[in-house]
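J.: The following block contains the structure, expressed as structure tokens.
The values are calculated or read from the model by the stated rules, or taken from the named source; none is laboratory data. Just so you know, these numbers come straight off a predicted model, no measurement behind them. Glycine also receives a Cβ, built like all others from the backbone with ideal geometry; neighbour counts cover every protein chain displayed.
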Amino acid sequence: MTTTIEVGSTHGGYRRIIPSMTALVEFEAVARNSSITVAARELGVTQAAVSKQIRILEESIGVQLFQRHHRGVRLTSEGQTLFAVMSESLQKVAAVFDRLCEGRSEQQLVLSTTATFSHLRVMPRLHSLQSALPHVRLRLATQMFTGDLRNHDVDLTVRYGNGKWVDGSALHLFDEEVFPVCSATWLARNSLPSSLEELYSADLIDAEATSEGWMTWPTWFRALGANPPKLDYRLHCHLYTDTIQAALHGHGVALGWGRMLDHLLASGELVRLTDLVVKPREAYYLVVPQGRATTDTIMSLAQWLRS
């Protein structure tokens, strides 16, 4: 007896059930950003095009997915159900693409950092990247301010803070310690401060509060329980990297962020002036965009940044 199976006679494939993959991808972007405008910018299409796809999707399944408001959109209960499935599914698809890319000879990752992190943490370690991640070509996107992961041109970003951000999941890199640093030449010309009061009158080099949210000299002193007078700085810099350059050239004492300066401290180009230290509650994190899987390559990059 021969059994004949008519393939496709009783099932039209996923295309029969799913009306538009484009609409689903655009739905996920709108739901994730709670904004048609932001989703359109991320996808590189017009707001009208996104609105049309959402409308087509709602009409095809006969369900309202969003509640429209003046300042954005909010998922209905049905929309939340669909978003949960779409988000998980797209993460799995992205993970597969990442694994396939890892199988190729080279994979590019766009890493967004501030200039301070790029110049003081990444650049001194670039020589070891080839051995740590031989299949990765790193592209640095240095920014003055914290990177926006809704920008689809960025794969990952490094942030300083509490580790809680709505646009991505955070991998802890390292905590920080803040203490006074100077060059050996400056220390040879000046006496070692024996108290906070003596440190007030040292050749302090200050930088403006950075985009990371770092402390300045007054906030550092207050974190130690001191109440400093109005400080007379030897030099005031706009950028923290300039502050460190000034300290390296022997112009005075700067606030040292230990994880940024460990290579300069190890080489002796900078030295710790005192044992006084402040340990902020915030830390550095590698942030993965929402909806993207944390692959082995990303974990390896995080480990390289820690090393």
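J.: I'd like to know if region 256-272 contains one or more residues that are within 25 Å of the chain's Cα centre (by Cα), free of Cβ contacts under 8 Å to residues at least 12 places away in the same chain and more than 12 Å from SER183 (Cβ to Cβ).
T.: yes
J.: The conditions are (1) surrounded by 13 or more Cβ atoms within 10 Å (Cβ to Cβ); (2) at pLDDT below 85; (3) not basic (Lys, Arg), and PHE145 fails exactly one of them. Which is it?
T.: Single failed check for PHE145: (1).
J.: Failed condition for TRP214, given (1) within 30 Å of ASN33 (Cα to Cα); (2) in a strand (DSSP E or B); (3) assigned by TED's automatic domain parsing to the domain that holds GLY268, with all others met?
T.: (2)
J.: Would it be correct to say that ARG292 is more than 16 Å from PHE174 (Cα to Cα) and either assigned to a loop (DSSP other than H, G, I, E, B) or not assigned by TED's automatic domain parsing to the domain that holds VAL85 (or both)?
T.: It is true that ARG292 is more than 16 Å from PHE174 (Cα to Cα) and either assigned to a loop (DSSP other than H, G, I, E, B) or not assigned by TED's automatic domain parsing to the domain that holds VAL85 (or both).
J.: I've got another one for you. Can you work out which of the residues in region 165-177 that are assigned to a loop (DSSP other than H, G, I, E, B) and over 11 Å from the mean Cα position of the chain (by Cα) is farthest from GLY268 (Cα to Cα)?
T.: The extreme case among them is VAL166.
J.: Being surrounded by fewer than 17 Cβ atoms within 10 Å (Cβ to Cβ), hydrophobic (A, V, I, L, M, F, W, C), over 25 Å from ASN162 (Cβ atoms) and assigned by TED's automatic domain parsing to the domain that holds TRP186 is true for just one of ALA223, ALA266, ALA202. Which residue is that?
T.: One residue alone meets the criteria, ALA266.
Per-residue answers, yes or no, for (1) in a loop (DSSP other than H, G, I, E, B); (2) within 29 Å of the chain's Cα centre (by Cα); (3) at pLDDT 90 or above:
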| residue | (1), (2), (3) |
| --- | --- |
| ARG139 | no, yes, no |
| HIS152 | yes, yes, no |
| PHE179 | no, yes, yes |
| THR185 | no, no, yes |
| GLU197 | no, no, yes |
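J.: State which residue is farthest from LEU305 (Cα to Cα) when the search covers only region 162-218 and only residues that are touching a Gly at 6+ places or on another chain (Cβ under 6 Å) and β-branched (Val, Ile, Thr).
T.: If we take residues in region 162-218 being touching a Gly at 6+ places or on another chain (Cβ under 6 Å) and β-branched (Val, Ile, Thr), then THR185 is farthest from LEU305 (Cα to Cα).
J.: Same structure, new question: Please list, ordered by first then second residue, the pairs with beta carbon atoms under 6 Å, 6 or more apart or interchain, first in region 63-84 and closer than 15 Å to VAL25 by Cα, second aliphatic (A, V, I, L, M) and assigned to a loop (DSSP other than H, G, I, E, B).
T.: From region 63-84, the pairs are GLY79/LEU65.
J.: Criterion first (surrounded by 19 or more Cβ atoms within 10 Å (Cβ to Cβ) and either of a type in the set (A, V, I, L, M) or in a loop (DSSP other than H, G, I, E, B) (or both)) does MET299 satisfy it?
T.: no
J.: Given GLN67, GLN53, GLN80, which one is of a type in the set (S, T, N, Q), in a strand (DSSP E or B) and on the phi < 0 side of the Ramachandran plot?
T.: Residue meeting the stated conditions: GLN67.
J.: While we're on this one: Condition first: buried (at least 17 other Cβ atoms within 10 Å of the Cβ) and either outside any strand (DSSP E or B) or not assigned by TED's automatic domain parsing to the domain that holds TRP186 (or both). Now tell me which residues in region 242-258 satisfy that.
T.: Correct list: THR243, ILE244, ALA246, ALA247, LEU248, HIS251, GLY252, GLY258.
J.: In region 26-42, which residue that is touching a residue at least 60 places away in the same chain (Cβ under 8 Å) and over 16 Å from MET86 (Cα atoms) is surrounded by the most Cβ atoms within 10 Å (Cβ to Cβ)?
T.: GLU42
J.: Within region 21-45, how many residues turn out to be over 24 Å from the mean Cα position of the chain (by Cα) and either within 18 Å of VAL154 (Cα to Cα) or not in a helix (DSSP H, G or I) (or both)?
T.: Number satisfying all stated conditions: 1.
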